[in-house]
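Here's the structure, in structure tokens; my notes come after.
Only the coordinates and a few stated rules stand behind these numbers; no lab work does. Because the structure is a prediction, the values reported are computed rather than measured. Positions of Cβ are generated from backbone atoms using ideal geometry, with glycine treated the same way; all protein chains shown enter the neighbour counts.
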Amino acid sequence: MKFWRRNLFHLALAVVGLWGWFGAAYSQEGAAAPKRAKNVILMISDGAGYNSWLAAEYYHGRHGREIYQGEGWQHVACTTFPLNKSSKPKKSGLQDEYVVYDPAKAWNAEAGYQYLKSTATDSAAAGTALAIGIKTYNNAINWSDNDQPLIGKTLPEIARALGKSAGVVTSVQWSHATPATLGGAHNVSRNNYPEIAREMLRADYLQVIMGTGHPYYDDDGHKRTDDPTDKDCRYVGGLEEWKSLVSGNHPGGWTLIQTKEEFARLTQGDTPAKVVGTAQVATTLQQSRGGALGLVKEAILKSQPFEVPMNENVPSLEMMTRAALNILDSDPDGFFLMVEGGAVDWANHANQEARMIEEQTDFVAAVRAVRDWVESHSSWDETLVILTADHDCGLPWGPESNVQSFQPLVDNGVGKMPGLAYNHSGHSNMLVPVYAKGAGADALRQLVRGKDEQAGKVWGFSGEYIDNTDIFQLIRLAMQGNSPQ
């Protein structure tokens, strides 16, 4: 049976033109299916390559002692490249070999930065790889390079077929690329926010949607004085969709929550069956606070983490995660949950190292919330937790890394900004970390595709790496156990 499962998978990949790259992952005889997981929690720190994780560890004095570096956690790196760099379907289905991660090119002292910048994925293609196990073009929301929606193949749809519940939580707009892909939406372009939001709200496989995008509030959590337009409501499905949520008459049967107090109440006790939480802020929970970035950009760049007062009217990612878990764990068959620290990416795009540390700190707090839930309401024998990033962003390296390529970050001690400089304002093709613990996590190393010796030396691990599509395979097999494909 294992032989036939592996070869059927190879055949499917050949159809979309990916045989050469993906065949290696399942070529080993005797590779066992992961232990069956009742619950799967995938946590994504968007735009956080290794150095973003490392910067927060240094700032808090927890390098080597963070929760994901503790007993029982598996650790490998991950490649994130897309199928191609097109922004729309090319209808070839063929892997662009130039964008495939090459350690020799990546670490080249003279040309490495340029190579990493020019071969990067976007969050939509990376999210699709994680959600469905297939490489595609940048911009695609579970949409193939052959211009077809990949219906019924996403992790929340698979969870639904197994009788499980599913949900997505993010610190940015909940119809953005990562929650959209991991929320099971299907669209030719990530920019079609109203259509994506409406599909998520009308899906029968989602029970929890939480994030930002509130049409009545600005980035500082201040209520607008004018009535929102249809465009203002694009992240929540449009004006009519928003009105139906507010009135409690949405055909999807959703309970809408908006205030910090409402999120807090859902962290314990009885809950509605389906909850869409839209925090009272426009774009991000905290990263965009401080007014229009064009007016305060320099002040933000010079600020220290947590120096600028936080938005007090919104929940943290940790609070939303606790609420989502409390809603989903009422399903006796288990659940799939994706939690995204989405604004780490926004901070890195803006080269805001202090805000990046703030956002990564909130993400790690959400990881601790998940750990607490597993150990108090479930167990590591029945729950699989995976931590990763969809891609690197900003190429943050040491303080003189603009002249000394790949100079390591400098640890300046607890509560002090690490020595860091950005070398890009966009995404990169750098390896990102993967940490896994719980039911099925031991199978992670069966998926190893190669070894990056330099990455292992710089970041202190084996150097072994998988691909982001392998994370989908690990989760799918863990949820299905020994069920046939």
Computed D for region 309-410, Stokes-Einstein, Kirkwood radius over alpha-carbon pairs, 37 °C, 0.692 mPa s, to the nearest µm² per second, is 208 µm²/s
State the answer as a single residue: which of LEU94, VAL410, CYS233 lies farthest towards the positive end of the charge dipole of region 32-480, with beta carbon charges of +1 for Lys and Arg and -1 for Asp and Glu, about the Cα centre. LEU94
Based on DSSP H runs of at least 4 residues, each adding -39500 (n - 2.57), what is the mean residue ellipticity at 222 nm of the chain after dividing by all its residues, to the nearest 500 deg cm²/dmol? -9500 deg cm²/dmol
Out of these labelled values of volume of the Cα convex hull per residue in Å³, (i) 131; (ii) 228; (iii) 151, which was calculated from the coordinates shown here? (i)
Counting only DSSP beta bridges with both residues in the chain, tell me the antiparallel percent, nearest 5. 35 percent
Projecting the Cα atoms of GLY221, LEU317, TYR59 onto the charge dipole of the chain, where Lys and Arg contribute +1 and Asp and Glu -1 at Cβ, the residue farthest towards the positive end is LEU317
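Between GLU262 and SER462, what is the FRET efficiency for a Förster distance of 41 Å, r being their Cβ-Cβ separation, to the nearest 0.05?
0.40
Relative to the Cα centre, what is the charge dipole magnitude of region 32-480, using +1 at the beta carbon of each Lys and Arg, -1 at the beta carbon of each Asp and Glu, and rounding to the nearest 20 debye?
Details: 40 positive and 54 negative charges, 119 e Å.
Magnitude of the dipole: close to 580 debye.
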Roughly speaking, what is the stretch gain from GLU312 to THR229, that is 0.36 nm per residue apart minus the C-alpha to C-alpha distance, in nm to one decimal? 27.3 nm
Taking other Cβ within 10 Å of each residue's Cβ, how do PHE472, PHE363, PHE306, PHE461 sort, fewest first? PHE306, PHE461, PHE472, PHE363
Filtering GluC sites (Glu not before Pro) in region 310-360 by DSSP loop and by at most 16 other Cβ atoms within 10 Å leaves GLU312
Order these by the 10 Å Cβ neighbour count, fewest first: SER378, SER45. SER378, SER45
In what sequence do TRP380, TRP53 fall when counting other Cβ within 10 Å, fewest first? TRP380, TRP53
